[in-house]
Each structure stands twice: as C-alpha cells, then as structure tokens.
Amino acid sequence: MATATQTAGPGPVKEGPAGPAKRTVRPPRRGFRPRSLVIAAFAWLLAALFLAPYLEMIVTALRPADELRDRTYLPDKLDWSNFIEVWRESSLGNNLQVTLLVAGGSTLLVLLVSLPAAYYTARMRFRGRKWFLLLVLVTQMFQPTALLVGLYREFYQLDMLNSVWTLILTNAAFNLAFAVWILTAYIGSIPQELEEAAMVDGTSRFGAMTRVTLPLALPGVVTAVIFTFISAWNEFVMGLTLSTEPDKQPLTVGINNFIGAYTVQWNYLFAASVVAIVPVIILFAFIERHVVSGLTAGSVK
C-alpha cells in the first residue's frame, strides 16, 4: 500500500468550481514617518516666508491713513477707498496701460525675432556658430544703466522720447539675447528626424517648424515669454529716463511718484503695488497650464 507524501505549504487553499482561489495580497500599511512631517513643516514655513511680504502689502493697502504708524499688525477697520483714491488722484490708469503695452509689445517682438534666429542657429551648422552664440551670451552682461546716456542721446536725436515704442524697442533689445539662447537649446534638443519625416510626407520646412518643432519647444517658448514679460514689467531705469511725462511713464515709475522728498504715502504706495502684481498673477495662472501641457505637446503616435 503506497503512502502519499504531502508537502507543507503556506496554508490551506480553498478550491472553487473554477479551480483554486487566488489569495488576496494586501499592501502593507505605511506607518508614521517623522521625516515626511519635517519636510512638510519646512515647506509650509518656507511658503509662509515668501507670502509674508505680500500679505503685509495687502494689509497696508487696506489700512486707513490715521493707522499707518500703529504697531498692530491688523487695522481696526479696512479702508477700501485707498484703491479708489489712488486710481482717481493719480495717473495710475495710464501708467498701467503703458506697462501693458510695453510688456506685451516687447514680448511679441522678442518672439518674432528670436524664434527664427534660434531655429536657424540650432538646425544650421554655419561657420562661426559658436562665436555667434558666445556673442549672444556676452550681450547679457551689459547693464542697461551702462548704455543709458547713449540711448537717451540716440532717442533724443530721433525725437522718440516719451514714446511707448521707445520702451518697447529697448526692452526687447535687452531681452532678445536670453530668448535666442534658451530657444536654441530647446530646439537643438529636438530630433531633426521628426522634421525630416514631416517633410517626406509633403510638408514644407516652415510647416515642419510650426507643426512639429514649435509644439515640442513650447516649454522653451513659455520660459522666454515669462522672462521677457516680467523683465519688461519690472523695468524702472529706462522708463524713468526715456519717459518724462507722468501720463506716459510705466507703472514702476508711477508707483515711485508716491515717494516724496519728505513724506511717503504708504497706503497709496501699497495699493498701487497690489494693482501692479494682479496682471502678473493672471499671466502665471494661464501659463502654468501651458507649461505642463507643453511637455507632451507635438508628440507623434
């Protein structure tokens, strides 16, 4: 009589009509991690440090004039009339319009010039290409203040002082080098075989550039847009020198007018500063979505 030998296993397995049942494996529970708590606390602390100046700016913008020297952090009452008065009693509306035109026009002009230049530099291996890129990088080292006198004399001879186009040209010129440099690096990282495949299918080089290369280079384009727009939005020295009429000055110069020789209108100064950061926040709210989607835009199936 033969004896069957049984092999010891992890436990009994119940058999059903369709065969042995599969054992459910539960994921292990994650215990308490002090390291994660420390990182989260540090992140919240860092965010609070960055947001504290903006919170102070908003609180001061809503503080009445008779409470500006109080040591209390929050005012007894909020004075929303500061925003109305600063808009009514000053040329802030015109300054905001000038800044929007200058920042938007400079950004558009930089893109129109830098995109073809960066595409040609990234795709064509011409003689002196490295020296050209080096020259583009060197131009970033020139400070606008070093060229201020020469630019003033030049625009004075051309009778272009107190003009929006003057500020657009100067801001575009000082931001063009960075845009060409960053876009050349992004376009150069895109395989050229994608364009060749599109041209084999009958697309022209311009069509391959607009339909294949530019969607893939969207993160670089967004970076150039952000850098140019913010730089033109925050520019102060050129606007102060090349625009002497209050209605034709940019917003940064208009805000500086609230600082007098003996007194500073802090409530109006911070109210104007709040107005100045709102368009930038709106820009980032729209561009953030394009930055994420631009990482996969233009991919082929």
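Note that the range 228-243 has calculated 3J(HN,Hα) couplings of 5, 5, 5, 5, 5, 5, 8, 5, 10, 5, 5, x, 6, 8, 8, 10 Hz, one per residue in order, obtained from phi through the Karplus relation 6.51 cos²θ - 1.76 cosθ + 1.60 (θ = phi - 60°); glycine and proline are x.
Over the range 82-298, what is the relative contact order in percent, taking alpha-carbon pairs closer than 8 angstrom and at least six residues apart? Spell out each step's value before the answer.
Numbers: 226 pairs, mean separation 75.5, N = 217.
Relative contact order here is 35 percent.
Computed over protein heavy atoms with a 1.4 Å probe, the accessible surface of the range 82-298 works out to 55 Å² per residue. Listed values for the range 263-278 are Karplus-derived 3J(HN,Hα) couplings in whole Hz (6.51 cos²θ - 1.76 cosθ + 1.60, θ = phi - 60°), namely 10, 10, 7, 5, 5, 6, 4, 6, 5, 5, 5, 5, 4, 6, 8, 5, and x replaces Gly and Pro.
Calculate, in whole percent, how much of the Cα-Cα pair population of the range 82-298 lies beyond 21 Å. The partial results should precede the final answer.
Numbers: 14433 of 23436 pairs.
Beyond 21 Å sits 62 percent of the P(r) for the range 82-298.
Taking Lys and Arg as +1 and Asp and Glu as -1, the other residues whose beta-carbon sits under 13 Å from that of Asn162 total -2.
Mean separation of Cα pairs under 8 Å and 6 or more residues apart, divided by the residue count, gives the range 133-256 a relative contact order of 35 percent.
Taking chymotrypsin sites (Phe, Trp or Tyr not before Pro) across the range 31-111, the ones in a DSSP loop with at most 15 further Cβ atoms lying within 10 angstrom of their Cβ are Phe32, Tyr73, Trp80. Please give me, ordered by residue number, the chymotrypsin sites (Phe, Trp or Tyr not before Pro) of the range 93-135 that lie in loop per DSSP and have at most 12 other Cβ atoms within 10 Å. Sites meeting the loop and neighbour criteria: Phe126. A simple rule links phi to the HN-Hα coupling: the Karplus curve 6.51 cos²θ - 1.76 cosθ + 1.60 with θ = phi - 60°, which for the range 43-49 gives 5, 5, 5, 5, 5, 5, 5 Hz, with x for Gly and Pro. Projected onto their three principal axes, the Cα atoms of the range 177-252 cover extents of 57, 20, 15 Å, largest first.
Relative to its Kirkwood radius, the Cα radius of gyration of the range 127-167 gives an Rg/Rh of 1.17.
The values are calculated or read from the model by the stated rules, or taken from the named source; none is laboratory data. Predicted model, so just to flag it, every value in this text is computed and none were measured. Glycine also receives a Cβ, built like all others from the backbone with ideal geometry; neighbour counts cover every protein chain displayed. Areas reflect the complete protein model, heavy atoms only, side chains present, ligands, DNA and RNA absent. Shrake-Rupley method; radii C 1.70, N 1.55, O 1.52, S 1.80 Å.
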